[in-house]
Structures are given as C-alpha cells and as structure tokens.
1. Once the Cβ-Cβ distance between ALA32 and ALA81 is put in as r, and R0 is 51 Å, what FRET efficiency do you end up with, to the nearest 0.05?
2. Going through segment 119-180, which trypsin sites (Lys or Arg not before Pro) have at most 14 other Cβ atoms within 10 Å and a DSSP loop state?
3. Taking GluC sites (Glu not before Pro) that fall in a DSSP loop and have at most 12 other Cβ atoms within 10 Å as cut points, what is the longest piece of the chain between them?
4. Please compute the length gained on full extension between ALA246 and ALA233, using 0.36 nm multiplied by the number of residues separating them and subtracting their Cα-Cα distance.
5. On the protein heavy atoms, probe 1.4 angstrom, tell me the percent of accessible surface of the chain carried by carbon and sulfur.
6. How high is the FRET efficiency from ASP154 to LEU224, r the C-beta distance, R0 45 Å, rounded to 0.05?
7. In Å², what does the accessible area per residue of segment 4-277 work out to with a 1.4 Å probe?
8. Note down the magnitude of the dipole of the chain about its Cα centre, charges +1 on Lys and Arg C-beta and -1 on Asp and Glu C-beta and zero elsewhere, to the nearest 20 debye.
Amino acid sequence: MIPTLRLDAPLLVMGGPYSNLQATEALLAEAARRGIPGEHILCTGDVVAYAADAAACCDLMMQSGARVLMGNCEENLAAGAEDCGCGFAEDTACDLLSRAWYAHALRQVTARHRAWMGGLPRRIHLDLPDGRRLAVLHGGAREISRFLFASAGDEELRAELAATGCAGVIAGHCGIPFARRLAGGGLWLNAGAIGMPANDGTPRVWFALLTPGPRELGIEILPLAYDHAAAAAAMRRARLPEGYAAGLESGLWPSCDVLPPAELAARGQALAPRRLVW
Ligand SMILES: [Fe+2]
C-alpha cells in the first residue's frame, strides 16, 4: 500500500539532510518562515549520511511531522548493513569517504532510530488537484541507489517515469537539483540535498517549493544559506573525513566519482534559482 498525499497547499520538498543538523534546522526554520507546517514538508530520503549529527537529524525529522521517504542510507542502517549501499566501486574516493561516515552514523543511531528508518515508505504518491499523480522515489523507479542527474536523457527518464505509472516523478539521491518537463509531458523533479551543497562552488543548499493550482503545478527550486561553518566544525570535532567538511565550506564535493561528464564540467559554476510551471 503506497501512502498517498493530496496536494492542496504549498509543499516544501527537501532532499537528504545527510546528518547535517545546522542545515536541517535552517530548512525547518525556512518552512516556518513561509508558514508551511511540518506535515507539508516532504523529504526524499537520506536523513543520515556524511555529516556529524546522525541521531539529532533523525530526532528532528521524526519530530517535524514531515513525510519522509526511505533512502538507501536508511535502508542500510535499518538492516545493520556494512555500508551505505551507494554501490561505489571499491577503494574509490567515494567508497573510502563513505566507509568513515557510515561507521560514525552507525555508532550514533539507536534501535529506535533504526526502527523508524526501517518503517519508512519506499514510494509515496502525491495527488494534484488537477488529477495528475506524482511518484516520490529515492533514486530510480526500480533501484533505490540509481543516480539520475539532469544530464540523463529524456528516454531514460521517461522509462523510469513509465515504470511508476504516474504523470511525474519527484526523486532524490543525486544531490544536485533540477526540474525538467520531459518529451510527452511528464515531469522529473529533483530537489537536490539539504545536507550538502550542490557542487556549484557555493555553500548554499537547495530545496523545492510546489504550489498547486487548479490546472497546473508551480515549481520553484530555491537556495538556502545556513551556518555551514558550524556544520563543518562539528564534522571536524567528530574526526570525520576532512573532504566533506571542507566541501560544506567550499561548495565543492571532495569526490566526483559518480558524476556524468556534463555535471563534472559544471563543477564550481554557481546554480541559479529555477521556476517551472507544469
Ligand atoms: Fe541516496
């Protein structure tokens, strides 16, 4: 049974908090500032990942009332697996860095957090006032850890969309926001991540705001500034890998192993807010 939400008011869509407490607090404060209650926040998963405060981020998201999808990090932590399940090739930079943060997160989270993670849905449906339905998923339609970036071809995204049986998709996992109307009229939206900048050379993080109308959906992709220095300092205090701590400050990922050529070429180019009507 897939949980279904009716979108009858603005919805804030957030990607992974990634154990970044300062960014998660800033996002929730931004929602409050906009008058958006916790129940109208949707998180596409990966509450826990690279940063210092896995347990506190779980607590915050659990208390917020937000609808949270299971990410690969939750799937693997709930199962007590040995790694984050991103499928990084052995001994690549991503693999070595992820082993360090995953062990840190596994030490922090409690049985209660893991039970919560294990009970999160893998798919959520979002019904729009105009009758169209969006599928909310983490990576891909069949594979939770599939990286689908903006450079993915329309054909590839349309095949993923077709597998959901819905009119559009809201996905997470890849960490860089984008929104695209696909050939044939479908929508693909990725809200980016809250816990890590978008590899655009700025410390800002990103979220999306959906505003439903009677016949169309307004979509905004928006930046969020937060106390990234405090988040980086917390990572250093926890003796987590310096690469991601520095990445919070520089806005540049310490490893680009997972990036397709187009996203690699765009590294360090500041993103701009985006608006789309679908
Ligand atoms: Fe993920």
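The values are calculated or read from the model by the stated rules, or taken from the named source; none is laboratory data. It should be emphasised that the depicted structure is a prediction, and the values quoted were computed from it without experimental measurement. Positions of Cβ are backbone-derived with ideal geometry, glycine not excepted, and every protein chain shown enters the neighbour counts. Surface areas here come from the heavy atoms of the whole protein model, side chains and all, with no ligands, DNA or RNA. Shrake-Rupley method; radii C 1.70, N 1.55, O 1.52, S 1.80 Å.
1. On the way: r = 35 Å, r/R0 = 0.68.
The value I calculate is 0.90.
2. Numbers: sites: ARG122, ARG123, ARG132, ARG133, ARG142, ARG146, ARG158, ARG180; in loops: ARG122, ARG123, ARG132, ARG142, ARG146.
Listed in order of number, the matching sites are ARG142.
3. On the way: sites that count: GLU82, GLU90.
Segment 91-278 is the longest.
4. Details: separation 13, 0.36 × 13 = 4.68 nm, distance 0.95 nm.
Between ALA246 and ALA233, full extension yields an extra 3.7 nm.
5. Working: 5700 of 11040 Å².
Taking all protein chains in place, the chain shows 52 percent carbon and sulfur surface.
6. Values: r = 29 Å, r/R0 = 0.65.
Given R0 = 45 Å and the Cβ-Cβ separation, E is 0.95.
7. Details: 10700 Å² over 274 residues.
Solvent-accessible surface per residue comes out at 39 Å².
8. Numbers: 25 positive and 29 negative charges, 119 e Å.
Taking the Cα centre of the chain as origin, the dipole is about 580 debye.
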